[in-house]
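See below for the structure under consideration.
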Amino acid sequence: MLPDELKMKLKKRIVYGISQVIEYDRKKWGEYVPLPLDFVPSPEKETFEVKSYKIDENLDYYIQLIENSGDGLINPPWGDGFYQESLKPAYNEWKGVLTLKVLKRLDNYNRIER
């Protein structure tokens, strides 16, 4: 997201920061944690030393998540407990937002069959 000149100046710090928060353990990806594709949403973007095999694994995870969801939608990892009464529509909106984000990332990596 940064201009190239500024990115080069900050790259080491950004790489370090990402390494501190990124979750590489696939068993935890169903939780509300930052995944590899959150930092490298397309192959044209800077990788900030995010492991490429984990990007592929994250893509596979998203495909599996959509295929196993039953309705093709991504449920928010934080659950629906907060969304009572008048907030119920917001939960469905979050499903749409998250699903669109995942579909865009899959498309960026040519992982959607045409």
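Within straight cross-link reach of K95, meaning Cα distance under 28 Å, which lysines are found once same-chain residues fewer than 8 apart are removed?
K27, K28, K45, K51, K54, K104
Which whole-number percent gives the relative contact order of the chain, counting Cα pairs below 8 Å spaced six or more residues apart?
Numbers: 79 pairs, mean separation 25.1, N = 114.
It rounds to 22 percent for the chain.
In what order do E44, E31 fall by count of nearby beta-carbon atoms within 10 Å, going from fewest to most?
Numbers: E44 7, E31 10.
Going from sparsest to densest Cβ surroundings: E44, E31.
Dipole of the range 4-108 (Lys/Arg Cβ +1, Asp/Glu Cβ -1, origin at the Cα centre): which of N92, I18, P36 lies farthest to the positive side?
Of the options given, the answer is I18.
What residue among F39, F48, F82 shows peak mean-square fluctuation when the chain is described by a Gaussian network model with Cα springs under 10 Å?
F82
Among V97, V15, V50, which comes first, second and so on when ranked by fewest other beta-carbon atoms within 10 Å?
Values: V97 12, V15 16, V50 21.
Ranking V97, V15, V50 by Cβ neighbours within 10 Å, fewest first, gives V97, V15, V50.
What do you get for the angle between helix 4-21 and the principal long axis of the chain? Use alpha-carbon atoms, 0 to 90 degrees, nearest ten.
Roughly 60 degrees, rounded to the nearest 10.
Rounded, prolate or oblate: pick one for the chain, where a ≥ b ≥ c are the square roots of the eigenvalues of its C-alpha gyration tensor, a/c under 1.5 means rounded, and failing that, prolate if a/b is larger than b/c, else oblate. Could you put the intermediate results ahead of the total?
Working: a/c = 1.98, a/b = 1.60, b/c = 1.24.
Cα axes put the chain in the prolate bin.
Readers should treat all values here as calculations from the given coordinates under stated rules, not as data from a laboratory. Since this is a predicted model, take the numbers as computed values, not measurements. Note: ideal-geometry Cβ built from the backbone for every residue, glycine included; neighbour counts use all protein chains shown.
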